[in-house]
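Worksheet: one structure, shown below.
What follows draws every value from the coordinates through simple rules; no lab data is involved. Given the structure is predicted, the values throughout are model-derived calculations rather than measurements. With ideal geometry, Cβ positions are generated from the backbone for all residues, glycine too; neighbour counts draw on all protein chains shown.
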Amino acid sequence: MAYVFLCPELSRKQAPLRPILVKPEPAHRLRLIPGLAGTELHPAADSEPEDEKLVARARRADLVAFEALYRRHAGFALNLAVRIQGTATDAEDIVHDAFLKAHEQLAELRDVAAFRAWLGSIVVRLVRTRLRRRRLLSSLGLISPEPIELDAVASPHADPESRVLLAQVYALLQTLSSDDRIAWTLRYVDHHRLEEVANLMTCSLATAKRRILRAQRYLSAHFVPAFSEGEP
Amino acid sequence: MSRRHLPQISKAALRDYGGSEQSAAVWRRLKVELRAPAPLERRSAFVWVWAPALACVLFGSGVVVGARFIRPQALSFVQAEPRSQLAPAAGPMTAKASLEPEPGPGVPQPKAASSRGHRQLSSVASSSEPFNLRPAEPSAHVTATATPIAEWQRLVEAGDFAAARRALDGQGGFDVAMAHASPSELMSLVDIARASGDRGQAISALRQVLAHPDAPEASLAAWTLGNLLQQAGDQPGAAQAFTLYRRLSPAGDFAEDAAARQVDVALAEGNAELVTQLVADYARDFPQGRRLTEFRRAEHALLHRDHEEAPKPDPAHEEPEDESDEPHVVPSAAAPAASDRH
């Protein structure tokens, strides 16, 4: 298996330390691909008006338009919730609550084109709240730590190496703080750009970078490759 | 160990939930909840625009209805006088009271007397005074005291005037009870009528009390009647009632107030002659009266105003007799003085 560097921009030693003067791009300025069933918030302009129209109609209590928005972004929200948590437990509830909150606060969305990023930030906030609550209850001995559901995260068609990799990475992520865990997951599991990570976590770009770097250092220090290079 | 060993997680290795059964299940739940509440924009528009307007309309309607159709009700728990020491009205107490000497005008009377005590003291004064009212019928008085206490009377004693009114209505009504009531019972009926806001019935009952001038309640009835008539705008009737009170109880608790009310009524009518007479009476009976200075100023102002408003003789229509050097006679105030001299 050919290993590659995960974070070339963080491998530059000076990058995380130098002051970040660039403000995080607001969510309402992100250009999204609403129709994409995948997980990224890719800049695009071809399908943007459609999201705008749907949001505008949904603001006028058009349930059909909101359903179209849901169909378009539900996969993204579910992927986000499951991948951050490492389990499908409560993922449906989180997505349900996120869309309900989005529907209630739809009038507050300034740029309707940023619906996907806005929805993602709601999902991330809900997941973070749940992770923190479970961690607190677990530290108090009230509940047992939540196990990782590898089948919920890994594709059924994933090769064994990838499954082993995911299992080990998620086991390490469980020991990190919620913010570091979320930042790293968004960056290297869900493959979002740094600016998108900052927006999804509602923090500055510098904070997002710092969290990712902290998690990256920890994972790099504790990760043990299951298959050595050249090994079949 | 370095981060060089951390491999990349490919997208293909991750499960994709797009179009999954989970998302369909979530939408089924979500659809039910989204259909229930009103849209946020419309709801907030209703809250900020229509709700204040609706509140204003409701408030205005309440004010209009209250002003036109609801009469002020007396509070049932507010009583001018304690009623716990009430005793049978007729017979021995009246006789006992009549034996006691009446205190003079300068002798202060105890202010903390109960209603019954006050009515007894008033009866002392009334027993020796002549009355212009028709005499009482003793049969009704005695008959009423001999009958057992009715339900409405018990409720009045308990202070529940609303329930007393209902009981009274169930026993034939106010007028039936008033026809056969003793002065004491009439005063209870007056309380019920006042509590229920029926001023007319209260006045009728008070007039019926005054038909028994020897009753201990007569002076209090006269005072109360004067107050009610004054509130009703019947100033002459109020003045007459206050005059009657002063005759029934010249040294009563409200004697000074009654005299002052008489002056007030005369001042309101602008009757300078009557004002002069009543102020003189007030100054004589109550030389340290609280409103004496005020009345003298008002009297002076009234006389001065009348003097200024007196019609000046028109030189074109003056009769030859008026051309003499005699000063013009000031009407109203000066006229009685001149007639007195003759």
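Quick notes on this structure:
- Separation of the B:LYS11 and A:ALA56 label points, Cα + 7 Å toward Cβ, nm: 3.0
- Measuring max minus min along each principal axis, the C-alpha atoms of region A:46-162 give extents of 47, 37, 20 Å (largest first).
- For the cross-link pairs A:LYS53/A:LYS209; A:LYS101/A:LYS209; A:LYS53/A:LYS101, the ones whose C-alpha atoms lie over 26 Å apart are A:LYS53/A:LYS209; A:LYS101/A:LYS209.
- Other-chain or far-sequence residues with amide H under 5 Å of B:LEU14's (modelled H): A:SER155
- Whole-Hz ³J(HN,Hα) from phi, Karplus 6.51 cos²θ - 1.76 cosθ + 1.60, for region A:110-123, glycine and proline x: 6, 10, 5, 6, 8, 4, 5, 5, 5, 4, x, 5, 5, 4
- Packing rank of B:177-190, B:290-303, B:46-59, where each peptide gets the mean count of other beta carbons within 10 Å, highest leading: B:177-190, B:290-303, B:46-59
- Order by protection proxy (mean Cβ within 10 Å, highest first), peptides A:205-215, B:205-215: B:205-215, A:205-215
- Number of partner chain Cβ atoms within 10 Å, mean per residue of A:183-190: 1
- Formal net charge of residues neighbouring A:ARG130 (Cβ-Cβ distance under 12 Å; K, R +1; D, E -1): +2
- 10 Å Cβ neighbours from other chains, averaged over peptide A:219-225: 4
- Averaged over residues, the count of other Cβ atoms within 10 Å places the peptides A:76-82, A:145-151 in the sequence A:76-82, A:145-151, highest first.
- Hull volume in cubic angstrom per residue (convex hull over the Cα atoms of region A:95-148): 90
- Averaged over the residues of peptide B:24-31, the number of Cβ atoms from other protein chains lying within 10 Å of each residue's Cβ is 6.
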